[in-house]
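The values are calculated or read from the model by the stated rules, or taken from the named source; none is laboratory data. Bear in mind that the values here come from a model prediction, so they are computed numbers and not experimental data. Cβ coordinates were reconstructed from backbone atoms using ideal geometry, including for glycine residues, and neighbour counts include every protein chain displayed.
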Amino acid sequence: MTGVNIGILAVQGDVAENLTATRMAMDELGVEGVVTEVKNPDQISDLDGLIIPGGESTVIGTLSLVNGSLKKIKEKIASGIPVLGTCAGMILLSKKAKDRVVGDMEQPLLDYLDIKIERNTFGRQKDSFEADVALEKIGVPKFRGVFIRAPSVIDAGKDVEILSKFNEKIVAVKQGNIIGTSFHPELTADLSIHKYFVNLVQKKN
Ligand code: GLN
């Protein structure tokens, strides 16, 4: 196959929106390749990049654990492929997550990003909002962040770059080739973050 193979983990959550945003980002950049819905863990070994969408992190984590995807994704991350986790996706990538109201919880995580997450930092569904954020370090000075039951990062290890803060809360991070955002970049017309990710995948390839 020529070009890159970018997978969207298709367990639950906004898979279609990420598929479209990634496809459009690749087209605009002139990057050849495919965007695949990853439904079967056997697809993971062929990927050059992976997006873990937003949704419900406990559901995505539990189903991925049961079908064996979690283990395969961990191996893939160890091999260095770029991964973008948005909202629940960032939660899944983290080493530790607690809920703002419920407190510490046991949930299956990928245990990679050296961050501690507070789930639902900004409230529940009805408290969803949009706000401008800046991710200067990756060349995105202004981005419309869509926050839906969004988490924040309450602790970050020394290898973690803080990409963005909103109201003093950390809402985007990067550790090596792994990026996490509290908000949903696939739900705006602005493709900057998906383009940054596609470039990362292509460079790595
Ligand atoms: N609150 C959800 C969770 O904790 C994440 C919400 C989202 O992905 N939009 O899993």
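Filtering the stretch 106-115 to residues that are more than 9 Å from the ligand (Cβ to nearest atom) and touching a residue at least 40 places away in the same chain (Cβ under 8 Å) leaves 108, 109, 110, 112, 113, 114, 115.
The set of residues in the stretch 65-75 being within 15 Å of the chain's Cα centre (by Cα) and crowded, with 19+ Cβ neighbours inside 10 Å consists of 70, 73. On the stretch given as the stretch 10-34, residues that are more than 22 Å from residue 45 (Cβ to Cβ), within 16 Å of the ligand (Cβ to nearest atom) and buried (at least 20 other Cβ atoms within 10 Å of the Cβ) total 3.
Here is a yes/no grid of residues against (1) within 22 Å of residue 82 (Cα to Cα); (2) in contact (Cβ under 8 Å) with a residue 24 or more places away in the chain; (3) small (Gly, Ala, Ser):
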| site | (1), (2), (3) |
| --- | --- |
| 101 | no, no, no |
| 119 | no, yes, no |
| 126 | no, no, no |
| 175 | yes, yes, no |
| 181 | yes, yes, no |
| 190 | yes, yes, no |
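From the list 75, 118, the lone residue that is within 10 Å of the ligand (Cβ to nearest atom) and acidic (Asp, Glu) is 118. Within the span defined as the stretch 35-46, one or more residues are part of a helix (DSSP H, G or I), under 17 Å from the mean Cα position of the chain (by Cα) and modelled with pLDDT of 95 or more.
Per the listing 62, 22, the residue uniquely within 13 Å of the chain's Cα centre (by Cα) and either assigned to a helix (DSSP H, G or I) or within 23 Å of residue 157 (Cα to Cα) (or both) is 22.
Evaluation of residue 7 against the conditions (1) outside any helix (DSSP H, G or I); (2) within 16 Å of the ligand (Cβ to nearest atom) shows that the sole unmet condition is (2).
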